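**Student:** The structure follows.
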Amino acid sequence: MHWWISVALIVFGLAMVVALSIQAFSSQQLIEHKLWADMLRSTSADHAARVRAGQVNSLPADGTIRSWYVESGRGTSHAPGHLANLPPGLYSTEAAYGGVFTEKSDLFDHLDSFHALVVDLPPGRLITTIDIEQLDDQQNRDAIQSGIWAGVLVIFIGGVIVWLHANLVRPVRDLADRMQAIVPGTAGARLPTTYRREEIQVIAQASNAHLERVEQFIQRERSLLDQASHEFRTPIAVIAGAVDVLKQFSLPDASKPVLGRIEHAVHDLSETMVALLYLSRETSPEADPVDVTVLHDLLPRLVADHEHLLGDKSAQLRIGEVEPIFIAAPEAMVRIAVSNLIRNAIESTDDGHVELVLRDGVISVADSGSGFNPVEAARRYRESLQHSAPIRGQGLGLFLIGRICDRFGWKLSIEPAAAGGTRAALDVGSSVIEP
């Protein structure tokens, strides 16, 4: 807004300066208007009639309009020397813009301003002049005043722009810089309200009220996370311990798959809780130690851990090319992201294969199934990135992957595979540790 106001003021100032210049120039042309030539001709005709009537002595020799009759052959004349010998024509001390008057600057230098008409009137010439000195002085004063007003206008506009910058732009920028410098979650961080402008004070006070509400909200969220962490970990630990105890007993063969599903469910729930608690914290690279994950060791283990999901399906879960890669990210985050992709692929594949590949920092999970719609999956993934919580009815899978990618700068793409089915590619290149 400051830029637009400045531009508007500058354009307005330029327009006014141009208008004042045009007005001064136009008013200057008035003293050279053809009206003066018409007046000279009319007056000269009247004075010529007097000369023909023998009333030469009645010609005005003083005042604004003066006339002299110069007879040929006479050496003396009352006419001014710079006019006495001029041939017939219109003359002026001013420039002849319109071609009405003929300028004789070499003869009229340092003389008062006038217009003159010289006509033949045998046996001599009649010289008639109009004194425009006062009018010329007035025009010059008006032009000087226009220039002064133009200068005042330029100074005023410059002052307004400087005032806007000092009283509006600079305080707003200072307020924005202070707002940006506030670390989210810092208790008691507030903006100063001592600005001179009332408008800036109102903005600062409103921002402080918002910061207060945000701080209270963060405190409630942290309290809830702490309580949830404690309340959920206890029953998960109890269930995991109960499963370990049951494994020590001789149980019927029919109960072993059920016990396995319970064990895997507890493991998945524990990992989900760890991920949610990790992602709920603010990023602080200085405070958090760097966790290193060995991808080429983790991915084969993940494939083995998900073999049981195939059940009675004729599909195969296999691992392809795996390059040795280390990344700076917690193993639990990688495990959750890749496990969700593997589960989605297995769910959509009844026959064929699901293959996991690690190449050039990209983890690819490709299946030969047809039940997984890549367009719908991509749409759901984009929607998950736009929400701070999972969309109702879609579970935590894509939501967690989206938040993990957002935290570590990873990229996920889902597209049809070349040989049919679907290929999900998780690019973890931003976290790769160079050897």
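**Student:** Quick check: at a probe of 1.4 Å, how many percent of the accessible area of region 318-361 sits on carbon and sulfur atoms? List each step's numbers first, then the result.
**Tutor:** Working: 750 of 1700 Å².
Looking at region 318-361 in its full context, I get 44 percent from C and S.
**Student:** Relative to the present Cα-Cα distance, how much length would full extension add between H33 and Q138 at 0.36 nm per residue of separation?
**Tutor:** Values: separation 105, 0.36 × 105 = 37.80 nm, distance 1.59 nm.
Gain on extension, H33 to Q138, equals 36.2 nm.
**Student:** In Å², what does the accessible area per residue of region 174-221 work out to with a 1.4 Å probe? Provide the component values of the computation, followed by the final result.
**Tutor:** Working: 3380 Å² over 48 residues.
For region 174-221, the per-residue accessible area is 70 Å².
**Student:** Share of region 224-271's accessible area from carbon and sulfur, percent, 1.4 Å? Before the final figure, lay out the partial values.
**Tutor:** Details: 2330 of 3570 Å².
Within region 224-271, the accessible surface is 65 percent carbon and sulfur.
**Student:** For D350, what charge total do you get from the other residues with a beta carbon under 12 Å from its beta carbon, if Lys and Arg give +1 and Asp and Glu give -1?
**Tutor:** On the way: positive: K313; negative: D312, E347, D351, D367.
That sum, taken over residues with Cβ under 12 Å, equals -3.
**Student:** Moving to a separate point now. Extending each Cα 7 Å along its Cβ direction at R233 and M179, get the distance between those two points in nm, one decimal.
**Tutor:** 3.8 nm
**Student:** Next question, about the same structure. Pop out the carbon and sulfur fraction of the accessible area of region 113-152 as a percent, whole number, probe 1.4 Å.
**Tutor:** Working: 1130 of 1890 Å².
Here it works out to 60 percent.
The values are calculated or read from the model by the stated rules, or taken from the named source; none is laboratory data. On a predicted model such as this, the values are computed, not experimentally measured, just so you know. Counting neighbours? That spans all protein chains shown, and the Cβs are built from the backbone with ideal geometry, glycine included. For the accessible areas, the whole protein counts, side chains as well, though only heavy atoms, and no ligand, DNA or RNA atoms are used. Shrake-Rupley method; radii C 1.70, N 1.55, O 1.52, S 1.80 Å.
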